[in-house]
Amino acid sequence: MLLEAFNSLPPNVKVNWPGDGISIYDLAEIVDVGLNAWSNAGKELSLLGIPTVLYSSDLVLAYPAELNYVGTTPDAYFDQIDAAI
């Protein structure tokens, strides 16, 4: 279902599938902004100086959500991506 949902992404958007063999540290070398849901990736990217955007601070349990930009509505989320850039 995910493959179908992500089959027509813009050319500047990529999905890091588990089989790709690409780590978060590989990505950190080339990304401008991280988009995260609930993993520690938001903390790790932030510690590396990469701004990260979340859609809910309630899902982040392992670190303070304030380390990231948080947008809880679609409009606010995209505004936070713009702010992070």
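The values are calculated or read from the model by the stated rules, or taken from the named source; none is laboratory data. None of the values given here were measured: they were computed from a predicted structure. Counting neighbours? That spans all protein chains shown, and the Cβs are built from the backbone with ideal geometry, glycine included. The area values use the complete protein model at the heavy-atom level, side chains included, leaving out ligands, DNA and RNA. Shrake-Rupley method; radii C 1.70, N 1.55, O 1.52, S 1.80 Å.
In table form, for the structure just shown:
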quantity: Sole exception among (1) touching a residue at least 12 places away in the same chain (Cβ under 8 Å); (2) among the β-branched types (V, I, T); (3) out of contact with any Gly (no Cβ under 7 Å at 6 or more places or on another chain) for I22, by number; calculated: (1)
quantity: Some residue of the stretch 47-62 being in a helix (DSSP H, G or I), open to solvent by 80 Å² or more (accessible area, probe 1.4 Å) and not aliphatic (A, V, I, L, M); calculated: yes
quantity: Of residues in the stretch 63-82 being outside any loop (DSSP other than H, G, I, E, B) and in contact with a helix residue (DSSP H, G or I) (Cβ under 9 Å, 6 or more places away or on another chain), the one least open to solvent (accessible area, probe 1.4 Å); calculated: A65
quantity: Top-ranked residue of the stretch 25-45 - restricted to ones that are at pLDDT below 90 and either touching a Pro at 6+ places or on another chain (Cβ under 9 Å) or not aliphatic (A, V, I, L, M) (or both), ranked as nearest to N12 (Cα to Cα); calculated: N36
quantity: In the stretch 12-55, the residues that are more than 10 Å from the chain's Cα centre (by Cα), closer than 21 Å to Q80 by Cβ and among the small types (G, A, S); calculated: A28, S46, G49
quantity: Among residues of the stretch 29-46, those that are under 21 Å from T72 (Cβ atoms), outside any loop (DSSP other than H, G, I, E, B) and open to solvent by 20 Å² or more (accessible area, probe 1.4 Å), counted; calculated: 4
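Residues checked against (1) of a type in the set (D, E, K, R); (2) closer than 20 Å to L2 by Cα:
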{"site": "N12", "(1), (2)": "no, yes"}
{"site": "V15", "(1), (2)": "no, yes"}
{"site": "G21", "(1), (2)": "no, yes"}
{"site": "Y25", "(1), (2)": "no, no"}
{"site": "E29", "(1), (2)": "yes, no"}
{"site": "K43", "(1), (2)": "yes, no"}
{"site": "S46", "(1), (2)": "no, no"}
{"site": "S57", "(1), (2)": "no, no"}
{"site": "V60", "(1), (2)": "no, no"}
